[in-house]
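Report on the following structure.
Read-outs throughout are calculated quantities, based only on the coordinates presented, and are distinct from any laboratory measurement. For clarity, every value in this text was computed on a predicted model and none was experimentally measured. Reconstructed Cβ throughout: ideal geometry from the backbone, glycine too, with neighbour counts over all protein chains shown.
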Amino acid sequence: MFALAFAAAVSAPPPQDFVSDSLLRVQVLAENGLPGERPVKPGRPFYAQQITFDGFLEFADREQEKEARRKYDMDMSDNFSLTEWIGVSARDGSFHHRGWLYCVRRSRFGTEKCFRDADGDGAFDQLTTLDPDKPDRFLKFDTIPAVAYRYIPRERKPARSGTYRLPELFLSYDLVGGKLEFRALAYTGLASTVDFGPLETVDPGSLPRTISLAGARVRIVGWDGKRATLAVETPMTTAAVRFVAPDDGFVPGGNRKGWSLDFVEAPLPAR
């Protein structure tokens, strides 16, 4: 299962406007080939991109990496995950990008520890610790001796899993009250979906028309009374994404409504 959350930050508020900090493991969409123009029945997915986690970390000096893991009580075998540091707005609870961190999910004492490259020079120079038993509203960063690293982005090719369906973001539409309602949904890998609701409502009498749907450009060529003829012209996004839960929180199983989808506008590292 993946962590469900996302946000965009063109101009983040100043720190005093945040009520707390949070960490989100970064998710991206694999790029599939674009389907050509074809008829699609209502309720059928017509385009999908797999949801996956981005990239991996390499240290310039393996011995320096081992020394840092021992010194800061980090798990010796766990991989560092690209993680978004977000501020939660005190005004409306929205998420705002504050930076990229590289975190070890497990450590000797069950805490999460994250490196930060504050000046972007290719060496970690700060460390923060998130302890579930001692929650602080804001991350506190300690200065550390430089640890050189290299971040390698993930190839955006879809993975293959045989008979298993992998988590994905997909596009679909329905006929509701004589209108075509286009929406984005996410399959979570728990035999359930997250429904982002109608993103575009189209009058079938006003076709052809091109719409933006979860970042993808979709051309609606026509409607014959039973099927819409569609063509996906661009993929959804190459940015990091967040799935934001409604106030009632996570409920496993079934079709979960009331979620929202955001794209992180801050560029991903090494791109």
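If I stretch the segment between residue 79 and residue 133 completely, what's the gain in nm (0.36 nm per residue apart, minus their alpha carbon distance), one decimal? Write down the numbers at each step before the final one.
Working: separation 54, 0.36 × 54 = 19.44 nm, distance 2.27 nm.
Full extension of this stretch gives 17.2 nm more.
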Total charge dipole magnitude, the chain, about the Cα centre, Cβ charges on Lys, Arg, Asp, Glu only, Debye to nearest 20: 960
With respect to the cross-link table entries 113/157; 41/157; 134/257; 41/179; 157/257; 66/157, which display a Cα-Cα separation exceeding 22 Å? 113/157; 41/157; 134/257; 157/257; 66/157
Where labels lie 7 Å past Cα in the beta-carbon direction, separation of residue 154 and residue 70 in nm: 3.2
Quick one: which residues, 5+ away or cross-chain, put their amide H under 5 Å from the amide H of residue 217? H built at 1.01 Å from N. 233, 234
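So what is the 222 nm mean residue ellipticity for the chain from helices alone, if each DSSP H run of at least 4 adds -39500 (n - 2.57) and you divide by all residues, rounding to the nearest 500 deg cm²/dmol?
Values: 1 runs with 10 residues, N = 271.
My calculation for the chain gives -1000 deg cm²/dmol from helical runs alone.
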Full extension from residue 143 to residue 62: what is 0.36 nm times the residue separation minus their Cα-Cα distance, to one decimal in nm? 27.1 nm
Pair residue 192, residue 90: separation of 7 Å Cα→Cβ label points (nm): 3.4
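For the peptides 141-147, 203-209, 240-246, 192-198, what is the packing order when you average, over each peptide's residues, the other Cβ atoms within 10 Å and list the highest mean first? Please list the in-between numbers first.
Numbers: 141-147: 13.9, 203-209: 12.1, 240-246: 20.0, 192-198: 17.1.
My ranking of the peptides, most packed first, is 240-246, 192-198, 141-147, 203-209.
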Tilt relative to the chain, helix 62-71 - C-alpha long axis, 0 to 90 degrees, to 10: 80
Once both label points are put 7 Å beyond Cα along the C-beta direction, the residue 34-residue 203 separation in nm becomes 2.8
Angstrom value of the Kirkwood radius, inverse mean 1/r, which spans all Cα pairs in the stretch 56-152: 14.1
What are the ³J(HN,Hα) values, in whole Hz, obtained from phi via the Karplus relation 6.51 cos²θ - 1.76 cosθ + 1.60 with θ = phi - 60°, for each residue of the stretch 73-89 in sequence order, with x given for Gly and Pro? 6, 9, 4, 6, 10, 6, 7, 7, 9, 5, 9, 8, 8, 10, x, 9, 5
Match the structure shown to one of the listed values [x] 6, 26, 31, 22, 10, 4, 1; [y] 7, 34, 38, 17, 3, 0; [z] 7, 29, 36, 21, 7, 1, 0 of P(r) over Cα pairs in 10 Å bins from 0, in percent, computed from it, and give that label. [x]
